[in-house]
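Shown next, in structure tokens, is the structure this report addresses.
The values are calculated or read from the model by the stated rules, or taken from the named source; none is laboratory data. These numbers come from a predicted model, not from an experiment. All Cβ positions, glycine included, derive from the backbone under ideal geometry; neighbour counts span all protein chains shown. We work out accessible area using only protein heavy atoms, side chains counted, and drop any ligands, DNA or RNA first. Shrake-Rupley method; radii C 1.70, N 1.55, O 1.52, S 1.80 Å.
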Amino acid sequence: MAVLTLRTAEFATLNGVSLPKTDTAVTYPAGALTGTGTVQHVETLSDGRLAVLLDATPVHPVDAGWPDQGPDRATLTTPDGREVPVLDCVVGAADGAALFLGTEIPVRKGTGDWAFVVVHVLPEDAGIAEGDRVEVRVDGGHRAALSAGHTACHLASLALNRQLAGAWKRDVQADAAGNPNFDALAIETTTILPGGSRDVYRLGKSLRRKGFPPDALLGEMAAVEAGVNATLAEWVASGAEIRIERESDLLTGMRRWVCDLPGGTVSIPCGGTHLSSLAAVSGIEVRLVSGPGEGAAEVVMETRCT
Ligand SMILES: [Zn+2]
């Protein structure tokens, strides 16, 4: 019975007890690009790459439950000075016995006894061990471009909601600025891109039943686009301050994007990264394109931030 000869610590590690009991502390919401972390857990994934968990990290992971903003580009520097690329970075969850990544996570965030963690995916020869202290460095240019894209995405959806507010025939949920939330009710997918975003909206029967006649957008595309761009120009000119309010530094801690727009402060739940002000932005513009979707018309809003 070889297993009986294992010391407690080894036995514990074999059973996954090196897995953390609490969420990863994340510093990217505060804008951090560098940091030092202690390796809590290393395991080999089915494709041979390594999943590495740190107690704290500045690297923004992609969240399979809300995958709008992709992962940061980053490197880890080992105690012996080797710089190892982070090949991917995803949200994972551990129940003390096993680690699950991305879409394989079987529980919702906030489920008791589960820790939600930032999983740094490293090459198989990374040579990193549990207990190592590593330096983490994020690609600042790529982060800045994604932050600009994410901020522009929120502002464009608010401006679109405002532009379409008069078309609604019924009362529906309001957005952060008090306008009917077309964006939330019609959205199909949102993708944050470097320096912009791409929103796909579906204008079908269910939206019509909620009180939005599709022709109010499909029949007025150029006018709606011009109105959205006029609003965005006014907001950019205001140089509004932006901040991320957070209740804790834990990965699943509630965070909100807050922006002091000319018409009042708006606040939206958001786990991404953002600009700290519109003062450095020269323009945000959208382009609206319609096309036939599956069973209903689709409108794509391409947003660019310069
Ligand atoms: Zn967001």
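I'd like the full set of residues that are open to solvent by less than 50 Å² (accessible area, probe 1.4 Å) and of a type in the set (A, V, I, L, M, F, W, C), limited to the range 100-113.
The answer is L101, I105, V107.
Could you tell me whether any residue of the range 214-222 is within 16 Å of the ligand (Cβ to nearest atom) and open to solvent by 30 Å² or more (accessible area, probe 1.4 Å)?
Checking the range 214-222: not a single residue is within 16 Å of the ligand (Cβ to nearest atom) and open to solvent by 30 Å² or more (accessible area, probe 1.4 Å).
Does the range 223-256 hold any residues that are of a type in the set (A, V, I, L, M) and either touching a residue at least 60 places away in the same chain (Cβ under 8 Å) or surrounded by 17 or more Cβ atoms within 10 Å (Cβ to Cβ) (or both), and which are they?
Residues satisfying the conditions are V224, V228, L232, V236, A240, I242, I244, L250, L251.
Can you tell me which residues in the range 241-262 are in contact with a helix residue (DSSP H, G or I) (Cβ under 9 Å, 6 or more places away or on another chain) and more than 16 Å from the ligand (Cβ to nearest atom)?
Listed by number, the residues that qualify are D249, P262.
Quick check on this structure: which one of A148, A156, A74, A152 is in the same structural domain as A237 (by TED's automatic domain parsing), touching a residue at least 60 places away in the same chain (Cβ under 8 Å), open to solvent by less than 20 Å² (accessible area, probe 1.4 Å) and within 20 Å of A32 (Cβ to Cβ)?
Only one candidate qualifies: A148.
Any residue that is within 16 Å of the ligand (Cβ to nearest atom), loosely packed, with under 15 Cβ neighbours inside 10 Å and either farther than 22 Å from Q163 by Cα or not polar (S, T, N, Q) (or both) - is there at least one of those in the range 280-287?
No, because not a single residue in the range 280-287 is within 16 Å of the ligand (Cβ to nearest atom), loosely packed, with under 15 Cβ neighbours inside 10 Å and either farther than 22 Å from Q163 by Cα or not polar (S, T, N, Q) (or both).
Find the residue count for the range 44-102, including only residues that are among the acidic types (D, E) and more than 16 Å from the ligand (Cβ to nearest atom).
Going through the range 44-102 one residue at a time, the tally reaches 6.
Out of everything in the range 186-202 that is open to solvent by 10 Å² or more (accessible area, probe 1.4 Å) and either farther than 23 Å from G70 by Cα or among the charged types (D, E, K, R) (or both), what residue ends up being farthest from the chain's Cα centre (by Cα)?
Per the criteria, the residue is R202.
Which of (1) out of contact with any strand residue (DSSP E or B) (no Cβ under 7 Å at 6 or more places or on another chain); (2) surrounded by 20 or more Cβ atoms within 10 Å (Cβ to Cβ) is the odd one out, the single condition V117 does not satisfy?
Just one mismatch for V117, condition (1).
Given the conditions (1) open to solvent by less than 50 Å² (accessible area, probe 1.4 Å); (2) touching a residue at least 24 places away in the same chain (Cβ under 8 Å), report the number of the one that A97 does not fulfil.
Against the list (1) open to solvent by less than 50 Å² (accessible area, probe 1.4 Å); (2) touching a residue at least 24 places away in the same chain (Cβ under 8 Å), A97 comes up short only on (1).
For P123, only one of the following conditions fails: (1) out of contact with any Asp or Glu (no Cβ under 7 Å at 6 or more places or on another chain); (2) within 24 Å of I268 (Cα to Cα). What is its number?
Evaluating P123 over (1) out of contact with any Asp or Glu (no Cβ under 7 Å at 6 or more places or on another chain); (2) within 24 Å of I268 (Cα to Cα) leaves (2) as the failure.
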